[in-house]
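Novice: Pasting in a structure now, in structure tokens, and then I'll have a few things to ask.
The values are calculated or read from the model by the stated rules, or taken from the named source; none is laboratory data. None of the values given here were measured: they were computed from a predicted structure. Here Cβ is always computed from backbone atoms with ideal geometry, including for glycine, and neighbour counts include all displayed protein chains. When the accessible area is computed, the model is the full protein with side chains, heavy atoms only, and any ligands, DNA or RNA have been set aside. Shrake-Rupley method; radii C 1.70, N 1.55, O 1.52, S 1.80 Å.
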Amino acid sequence: PYVKLGNAFMVSKDYKNAIKSYRMALQKRNSHEDAIIGLSDAYIKTGHVDTARKLLVKANAASPEFVKVRRALAELERGEKVQLQLDQARREFKTLSEQMELSGVVPLEVSVIARVRPHLYEVRLPSGKHALLRTETPKLAETDGSLSVLATRHADARVQAELKKKTDAEDVPYFRQISERDQLAFENMRFKQEQKKRLIAQFERQLAAPTN
């Protein structure tokens, strides 16, 4: 009866009373496998993973024929291993994200309005705002639509003042296209970041997957 009561508390997520019920069952019979499984699960749900592991290890050593206990212990160890891998992947993803942010590189989709001078173009951002773009090459490739570039914030007060008079704008953003080498380095970081993102999703699915 105490095991059934504990199971009912588990369904309602009342883990405190579930633990009490399973403990009462084990006081009546300390080798009740279902009570051991229920109690270990309740411990895990309340964050007491070490206590759950000790309970399962002790029960497995005392009664090796307990198939459910052996499976639960194996599943707990598997989950802990996946959690460690997930934590590592999240740390690496965070580090890559910080490196990309500190680089100051931003992907831009721009429409070319006019060539101001070699290496310098007046462009329109997706928001409709005018901006300046200093390029690596003297002339941008001909394009009818938008142009994708990787750039960083730049500054040239004289040129910005000229454009401000032309466009009657309060502020003119100024960007500089990054070099091919810097672009390869940034794309490499972005590729690794996407890999980590997929890996994180994979580990999260593994942890969320129901056990057999």
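Novice: How far, in degrees from 0 to 90, does helix 180-208 lean away from the longest principal axis of the Cα atoms of the chain, to the nearest 10?
Specialist: 20 degrees
Novice: Across the range 15-22, in residue order, what do the Karplus-derived ³J(HN,Hα) couplings come to in whole Hz, using 6.51 cos²θ - 1.76 cosθ + 1.60 with θ = phi - 60° and x for Gly and Pro?
Specialist: So the J values, rounded to whole Hz, are 5, 4, 6, 5, 4, 4, 5, 5.
Novice: So if each residue of separation counts as 0.36 nm, and I subtract the Cα-Cα distance between Arg153 and Ala201, what length gain in nm does that give?
Specialist: On the way: separation 48, 0.36 × 48 = 17.28 nm, distance 3.29 nm.
Working it through step by step, the gained length comes to 14.0 nm.
Novice: Residues with amide H under 5 Å of Leu120's amide H, sequence separation 5 or more or different chain, H placed in the peptide plane at 1.01 Å from N; which?
Specialist: Long-range HN contacts for Leu120: Thr135.
Novice: Hey, another quick one. Please state the charge dipole magnitude for the range 18-63, taken about the Cα centre, from unit charges on C-beta atoms (+1 on K and R, -1 on D and E), reported in debye and rounded to the nearest 20. Kindly include the intermediate steps, with their values, before the conclusion.
Specialist: Details: 8 positive and 4 negative charges, 36 e Å.
Dipole about the Cα centre, nearest 20: 180 debye.
Novice: Would you mind working out the magnitude of the charge dipole of the chain relative to its Cα centre, with +1 at each Lys and Arg C-beta and -1 at each Asp and Glu C-beta, to the nearest 20 Debye? Working shown, then result.
Specialist: Details: 38 positive and 28 negative charges, 187 e Å.
It works out to roughly 900 debye.
Novice: Could you sort out which of Lys81/Lys197; Lys94/Lys139; Lys13/Lys94; Lys129/Lys197; Lys4/Lys81 sit more than 29 Å apart by Cα distance in this structure? Write down the numbers at each step before the final one.
Specialist: Working: Lys81/Lys197 18 Å; Lys94/Lys139 37 Å; Lys13/Lys94 33 Å; Lys129/Lys197 32 Å; Lys4/Lys81 31 Å.
The pairs that break the limit, which is 29 Å between Cα atoms, are Lys94/Lys139; Lys13/Lys94; Lys129/Lys197; Lys4/Lys81.
Novice: Hey, another quick one. Could you list, bin by bin from short to long, the percent of Cα-Cα pairs of the range 1-114 in 10 Å steps?
Specialist: Going out from 0 Å in 10 Å bins, the range 1-114 shows 13, 31, 21, 11, 10, 8, 5, 2, 0 percent.
Novice: Follow-up. Set the Förster distance to 35 Å, then compute FRET efficiency between Gln27 and Ala209 from the Cβ-Cβ distance, nearest 0.05.
Specialist: 0.55
Novice: Over the chain, what is the mean sequence separation of C-alpha contacts under 8 Å (at least six apart), divided by residue count, expressed as relative contact order in percent? Spell out each step's value before the answer.
Specialist: Values: 249 pairs, mean separation 33.1, N = 212.
For the chain, the relative contact order is 16 percent.
Novice: Something else: Evaluate the distance, in nm, between pseudo-label points positioned 7 Å from the Cα of Lys13 and of Gln183 along their respective Cα→Cβ axes.
Specialist: Those two pseudo-labels are separated by 5.0 nm.
Novice: Taking 0.36 nm per intervening residue step and subtracting the Cα-Cα distance, what contour gain separates Lys45 from Gln99 on full extension? Don't skip to the end; give the middle numbers.
Specialist: Values: separation 54, 0.36 × 54 = 19.44 nm, distance 3.58 nm.
15.9 nm is the gain from fully extending Lys45 to Gln99.
Novice: For the residue pair Val106 and Glu80, what label-to-label distance in nm results when each label sits 7 Å from Cα along the Cα-to-beta-carbon direction?
Specialist: Rounded to a tenth, the inter-label distance reads 4.7 nm.
Novice: Further question: Hey, any idea what % of the chain's accessible area is carbon plus sulfur with a 1.4 Å probe?
Specialist: On the way: 7230 of 13760 Å².
Carbon with sulfur: 53 percent of the solvent-accessible area.
Novice: Now a separate question. Taking 0.36 nm per intervening residue step and subtracting the Cα-Cα distance, what contour gain separates Lys68 from Thr137 on full extension? Each step should come with its number before you reach the end.
Specialist: Values: separation 69, 0.36 × 69 = 24.84 nm, distance 6.75 nm.
In short, 18.1 nm is gained.
Novice: To continue, here is another question. Just name one of Gln83, Val112, Gly47: the one whose Cα is farthest towards the positive end of the charge dipole of the range 1-151 (beta-carbon charges, Lys/Arg +1, Asp/Glu -1).
Specialist: Positive-most Cα among the choices belongs to Gly47.
Novice: Can I ask one more? Under a 1.4 Å probe, what is the accessible area of the range 22-63 per residue, stated in Å²?
Specialist: On the way: 2410 Å² over 42 residues.
On a per-residue basis, the range 22-63 sits at 57 Å².
Novice: To continue, here is another question. Rounded to the nearest 500, what is the chain's calculated 222 nm mean residue ellipticity when only DSSP H runs of at least 4 contribute -39500 (n - 2.57) each, over all residues? Intermediate results must be reported in sequence, preceding the final value.
Specialist: Details: 7 runs with 128 residues, N = 212.
Taking each H run of at least 4 residues, the total per residue is -20500 deg cm²/dmol.
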